[in-house]
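The values are calculated or read from the model by the stated rules, or taken from the named source; none is laboratory data. Since this is a predicted model, take the numbers as computed values, not measurements. As a convention, Cβ positions derive from the backbone with ideal geometry for all residues, glycine included, and neighbour counts pool all protein chains shown. Side chains are part of the model used for accessible areas, which takes the heavy atoms of the whole protein and leaves out ligands, DNA and RNA. Shrake-Rupley method; radii C 1.70, N 1.55, O 1.52, S 1.80 Å.
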Amino acid sequence: MRSWSRWLLLLGFVAALGVTFIFVMRAVEHARPLRQRTDPAIRGWMTIPFVAHSYHVPPSVLYQALGLQPVRGDQHMLTTIAQLQGRTVSAEATILRQAVTQFRVSPPKPNQRRPTSTPTPSPGTP
Amino acid sequence: MTLSEQFLAALVQYGLPALFVIVLVSSAGAPLPSSLLLVATGSLVQQGQFSFWPVVGLGVAGSMLGDHLGYGLGRLGGRKLADRVARLVGGQRGLLAAESAMRRWGGPSIFLSRWLVTAVGPAINLTSGIALVSWWSFFLYDLAGETVWVAGYLGIGRYFSDQVEALTTLLGDLRWALLALAIAALLGWLLWRQRPQRDRSASVPQANAPLPMAQPEE
């Protein structure tokens, strides 16, 4: 084998090892939220039950924060809800995060009945 | 919304038919975020929206159908095209070597490229067809590999059902790291192969070198 092609192989080998190292480091960095179970971002494709599951809060808390009635098996995405309510997804996400924070600061007492539905002044069920 | 989020929205909106189509198209070679969708579906399974085994069945069926599209393409028309390209660029020896390697290592490479080094999956489908790997062999290794991939990703998605985005980012990093490591291993092996050949050539006498003659006793 010619020497230049061996050098090329060596260069490729070192580059591939370098790329492996970079991605392993990235993986270690990205594994941190999994280990610490930090709160994930709220995205437009998520449904309210999905957000509730990700944040470990009852869905009714989030429905109440958005002024909606809880729906069993609800598959409306936040994008759709935001459109119906005339808000942006990030505005909806802010409201939901505030509701989660409030729930965690003062969770309802065990004997206190959590509201299962809320009066909806506007805009009704999505 | 990013492209990945649009696919996730399709999954939420249309359910399992969307998963089936996306996994099929992705296995046929289109760069779609099928692993992300499987992890998200695992989370939805955990939330009670879908049942585990029907999703596994549908995912495996979709991905195998996509794989067979590539295999069929390679088997039906790929050989002629590969021959023509090899004649044009003068790589006929390389093509024969690739075919021989595929016949020898075809099964394990099909199995591993389904779930471990998924980036090379579509290329392996095509070369399996070109190398005329038997359909039964392709089918069985494909079935085993895709079952590991679909059930594995769904299982991980179920376990980390509250961390879908972080998990898919992590899995994406690991997938690229594995691919880069596989390339490094291949290049390292090629480099290593040079060494013994050079050592052998140093110890074996040259063909035109004079043979050592016994000196006549005086």
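Please verify whether the range B:128-147 includes one or more residues that are among the charged types (D, E, K, R), more than 14 Å from chain A (Cβ to nearest Cβ), more than 26 Å from A:R26 (Cα to Cα) and buried (at least 20 other Cβ atoms within 10 Å of the Cβ).
Looking through the range B:128-147, at least one residue is among the charged types (D, E, K, R), more than 14 Å from chain A (Cβ to nearest Cβ), more than 26 Å from A:R26 (Cα to Cα) and buried (at least 20 other Cβ atoms within 10 Å of the Cβ).
Condition check ((1) within 17 Å of the chain's Cα centre (by Cα); (2) within 7 Å of chain B (Cβ to nearest Cβ)) across all residues:
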residue: A:G12; (1), (2): no, yes
residue: A:I22; (1), (2): no, no
residue: A:V28; (1), (2): no, no
residue: A:R32; (1), (2): yes, no
residue: A:I48; (1), (2): yes, no
residue: A:V51; (1), (2): yes, no
residue: A:V61; (1), (2): yes, no
residue: A:V71; (1), (2): no, no
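Quick one: in the range B:153-173, of everything that is open to solvent by 30 Å² or more (accessible area, probe 1.4 Å) and among the aromatic types (F, W, Y), which residue is farthest from A:V51 (Cα to Cα)?
B:Y159
Exactly one condition in (1) more than 21 Å from the chain's Cα centre (by Cα); (2) at pLDDT below 95; (3) crowded, with 16+ Cβ neighbours inside 10 Å is false for A:R43; which is it?
(1)
From B:D162, B:D173, B:D142, grab the single residue that is part of a helix (DSSP H, G or I), over 26 Å from A:L10 (Cα atoms) and not aliphatic (A, V, I, L, M).
B:D142
Among the residues of the range B:17-51, which ones are open to solvent by 40 Å² or more (accessible area, probe 1.4 Å) and part of a helix (DSSP H, G or I)?
Residues satisfying the conditions are B:P17, B:F20, B:V21, B:V25, B:Q46.
Out of the helices (runs of 4 or more DSSP H) lying entirely within the range B:77-136, which hold 1 or more residues that are of a type in the set (F, W, Y) and under 20 Å from B:I183 (Cβ atoms)?
So the answer is B:92-115.
If I ask for residues that are assigned to a helix (DSSP H, G or I) and facing another protein chain (nearest Cβ under 9 Å), which ones from the range B:5-16 would you list?
Within the range B:5-16, B:E5, B:Q6, B:F7, B:L8, B:A9, B:A10, B:L11, B:V12, B:Q13 meet the criteria.
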